[in-house]
Amino acid sequence: MTRQSSTHDLVRKAYGAVAQGRSSCCAPSASCDSALSSEGEMGLSCGDPVAFLSLKEGDVVLDLGSGAGRDAFIAARRVGPSGRVIGVARRNARKFRRASGLDNVEFRAGQIEELPLEDASVDVVISNCVINLSPDKPRVFREAFRVLRPGGRLTVSDIVLNRPLPKAARDSAALYAACVAGALRREKYLDAVAKAGFTRIAILTDRLYSASSCCSDPITSKAGAALEGVASSLTLRARKPGRARADAKACRTRGDVLR
């Protein structure tokens, strides 16, 4: 078994525990009482990347690792019927789609290290606390770069490490579910974004991760003080160099703000 497949198995087991209510991956300032919880939202997020996007009618958005589909459906409402949102398929997301009544959302099966999309086919890539779960994060950023059109935007929220994780926590499936054990050191994470080809990289939010803030999660609370200050929740924005779509120029002439 390859390292990548074994890590994917570890993550699946961890997410199984989440689905059964044994752990969660809440943001440092998030509430587990999500308004979307009744539709299967598992709380596996560490930020709100969509909040930092000025999406417009007709945009094509890719959501890496859609979970229950919360971010995908928020984006779908913003891009309108002429736009489209593509997410990684999960059973929860299909249920969520039926409940939303939106027709401009599509879920595809696949892994974020090998995206089932054509080159230069989307305008925006988003992700919410998923890339840190990948065993090959640089490849994820290279794939995101590949599928973005010139001038396209990447906006992701994720967990990064400020210092090495305690040895006992590194191979914990439970802490993978808590979005910690799979995280990269901050400098390596940002370096992977840059080496993929992205420019204009900006950190939009930077919050210290606190185990005590995760809704009394029994998994992270067991780690206690060992996790305090080890990680941070970041939201960052970057661009693929090149000329954006022609209608982006028209959008700017109307005074709209493009991020």
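The values are calculated or read from the model by the stated rules, or taken from the named source; none is laboratory data. All figures in this text were calculated on a predicted structure; none of them were measured in a lab. As a convention, Cβ positions derive from the backbone with ideal geometry for all residues, glycine included, and neighbour counts pool all protein chains shown.
Some notes on this structure:
- Residue in region 51-73 that is closer than 16 Å to Arg237 by Cβ, assigned to a loop (DSSP other than H, G, I, E, B), at pLDDT below 95 and of a type in the set (A, V, I, L, M) present: yes
- Meets criteria (surrounded by 15 or more Cβ atoms within 10 Å (Cβ to Cβ) and at pLDDT 95 or above) for Leu133: no
- Scanning region 75-88 for residues that are crowded, with 20+ Cβ neighbours inside 10 Å and not small (Gly, Ala, Ser) returns Val79, Arg84, Val85, Ile86, Val88.
- Residue within region 106-123 that is in a strand (DSSP E or B), touching a Pro at 6+ places or on another chain (Cβ under 8 Å) and either surrounded by fewer than 22 Cβ atoms within 10 Å (Cβ to Cβ) or at pLDDT 95 or above (or both) present: yes
- Counting only helices (runs of 4 or more DSSP H) that fall entirely inside region 163-259 and contain at least 2 residues that are out of contact with any His (no Cβ under 8 Å at 6 or more places or on another chain) and either of a type in the set (Asp, Glu) or at pLDDT 90 or above (or both), the qualifying elements are 186-195.
- One residue stands out in region 148-165 among those that are of a type in the set (Gly, Ala, Ser) and on the phi < 0 side of the Ramachandran plot: the one that is surrounded by the most Cβ atoms within 10 Å (Cβ to Cβ), namely Ser157.
- Of the criteria (1) in contact with a helix residue (DSSP H, G or I) (Cβ under 7 Å, 6 or more places away or on another chain); (2) in contact (Cβ under 8 Å) with a residue 60 or more places away in the chain, which one Ile112 fails: (2)
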